[in-house]
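This report concerns only the one structure given below.
The values are calculated or read from the model by the stated rules, or taken from the named source; none is laboratory data. These figures come from a predicted structure and were not determined experimentally. Backbone-built Cβ (ideal geometry, glycine too); neighbour counts: all protein chains shown. Accessible surface is based on the protein model in full, side chains and every heavy atom, while ligands, DNA and RNA are left aside. Shrake-Rupley method; radii C 1.70, N 1.55, O 1.52, S 1.80 Å.
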Amino acid sequence: MTRILVTGGAGYIGSHTCVELLNAGYDVVVLDNLSNSSVEALQRVEALTAKKLTFIEGDIRDAACLDQVFASHLIDAVIHFAGLKAVGESQQIPLAYFENNVTGSLSLVQAMQRAGVYRLVFSSSATVYGEMNPSPYQETMPTGMPSNNYGYTKLVVEQMLEKAALADEKWSIALLRYFNPVGAHQSGQIGEDPQGIPNNLMPYLTQVAVGRRPLLSIFGNDYPTQDGTCERDFIHVVDLAKAHVLAIQNRLNNVGCRAWNIGTGNAISVQQIKDTFEQVNGVEIPFEYAPRRAGDLASFYADPSRAQQELGWHAELTLEDMLRDSWNWQKQNPKGYQS
Ligand code: NAD
Ligand code: UDP
């Protein structure tokens, strides 16, 4: 059976990907230091799939731990989610971000090389396109200058992986450039569980809906967009998780390093998110228009056609699915995995 090491597998996107991998018949080994997640998520993954996975609590920066993982499990490929992801925090503690995301990724690929495992799917981000490229973003566009340190860590790792693959044709690497993941598993059993005050729109909005926060601030309503609020390409986390299974299948049969956008291709505004959430779920969201947030781009979205052509992947779930499933998760788990 093909065995996949999933770093950061207890996290938001990782846990949904574990469900899809197990359902597709893969063996799953998760390595996670639990710095932003809970083992409860993995227990729920096992319950949802009625399958077992192997969990190892450890850090991707720990070379000895990685060597032990590769020595004791015959790993065929790696999906690498582990890292820090809070944009604002990355401006305050940049070195912690470079340490976790860049040094951590280097440590992982070095351990892979020592173990002779050369197939890797890396969690990248649309932020690597920077501020200069017009939407829809296409993979053929040059990467730009990300507007924050988190984005730089993704860009640096992408470049490191590209160079490694150029120098050694044994590598087979997928760079998946995610747009804005939202939603949760349809069961409401697993979902996004941010620590502290959420930075991202959807967990903030659902915490307002459940009464944990008084109101949603919409950051800016004077952007040059249809309704003045920012536009993003929101993608259901289950669609995103399925893209990883297809990327793994692709990487088991190809070499080189290749980037794919994982988005819907639709630009949806922050206002539309709030209004549609209210309609779909019958919940009112108190809100205010607040000043623009530093570093936000007015609008960006994917051209997802390369993923369709080469991976056979396209987003299947709708905006309504995303908003209903986000609320279903939050409603059933008002305090996340602590409830
Ligand atoms: P998450 O924080 O829920 O998951 C990351 C997981 O990695 C957590 O379980 C955390 O405990 C673990 N981790 C962190 N540092 C680690 C380390 N040094 N060693 C071992 N484990 C470690 O985040 P997520 O939303 O699931 O994101 C997964 C990946 O996707 C990240 O690399 C993130 O940067 C990337 N990404 C996320 C988004 C998004 O909006 N959620 C968008 C683009 C890219
Ligand atoms: N946003 C908002 N209020 C919030 C959080 C986010 O208006 O409480 C807006 C933010 O300004 C951006 C969009 O929602 O235009 C998506 O932000 P998020 O942080 O979720 O993702 P990003 O696109 O920044 O990665």
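Worth a mention:
- Cut-off 14 Å between beta-carbons: net charge of the residues surrounding residue 215, Lys and Arg +1, Asp and Glu -1: 0
- Residue-level accessible surface for residue 268, protein heavy atoms, 1.4 Å, Å²: 30 Å²
- Span from the segment 67-118 Cα centroid across to the segment 138-192 one, whole angstrom: 13 Å
- When the solvent-accessible area of segment 104-151 is split by element, carbon and sulfur atoms take up 52 percent of it, the probe being 1.4 Å.
- In a simple Cβ point-charge model (Lys, Arg +1; Asp, Glu -1; nothing else charged), segment 165-284 has a dipole of about 400 debye relative to its Cα centre.
- Under a 5 Å amide H cut-off, with hydrogens placed 1.01 Å from N, residue 262 pairs with 177, 178, 179 among residues at least 5 apart or on other chains.
- Overall, the accessible surface of segment 186-339 at a probe of 1.4 angstrom is composed of carbon and sulfur to the extent of 46 percent.
- Of 115, 241, 184, the one that fluctuates the most in a GNM where the chain has Cα springs shorter than 10 Å: 115
- Placing pseudo-labels 7 Å out from each Cα toward the beta carbon at residue 320 and residue 141 gives an inter-label distance of 3.1 nm.
- Average accessible surface for segment 214-339: 44 Å² per residue, computed with a 1.4 Å probe over protein heavy atoms with every protein chain in place.
- Lys/Arg +1, Asp/Glu -1 at C-beta; the chain dipole; positive extreme among 83, 129, 280: 83
- Of the beta bridges in the chain, as assigned by DSSP with both residues counted there, near 5 percent are antiparallel.
- Three-way shape label, segment 42-197, alpha-carbon gyration tensor, a/c 1.5: oblate
- Proximity of backbone amide H atoms, modeled 1.01 Å from N, is registered between residue 220 and 290, 292 at under 5 Å, excluding neighbours fewer than 5 places apart on the same chain.
- Mean residue ellipticity (222 nm) of the chain, computed from DSSP H runs ≥ 4 via -39,500 (n - 2.57), nearest 500: -11000 deg cm²/dmol
- Within the chain: Cβ-based charge dipole about Cα centre, in debye rounded to nearest 20 (Lys, Arg +1; Asp, Glu -1): 460 debye
- Shown are 44, 61, whose ranking by accessible area with a 1.4 Å probe and every protein chain present, most to least, is 61, 44.
- Probe 1.4 Å - accessible area at residue 322, Å² to nearest ten: 10 Å²
- Note on surface exposure: 314, 80, 73 rank 314, 73, 80 by accessible area, highest first, 1.4 Å probe.
- Only Lys, Arg, Asp and Glu carry charge here, each on its Cβ (+1 for the first two, -1 for the last two); on that basis segment 202-265 has a dipole of about 380 debye about its Cα centre.
- Solvent-accessible surface (1.4 angstrom probe) belonging to residue 98, in square angstrom, nearest 10: 70 Å²
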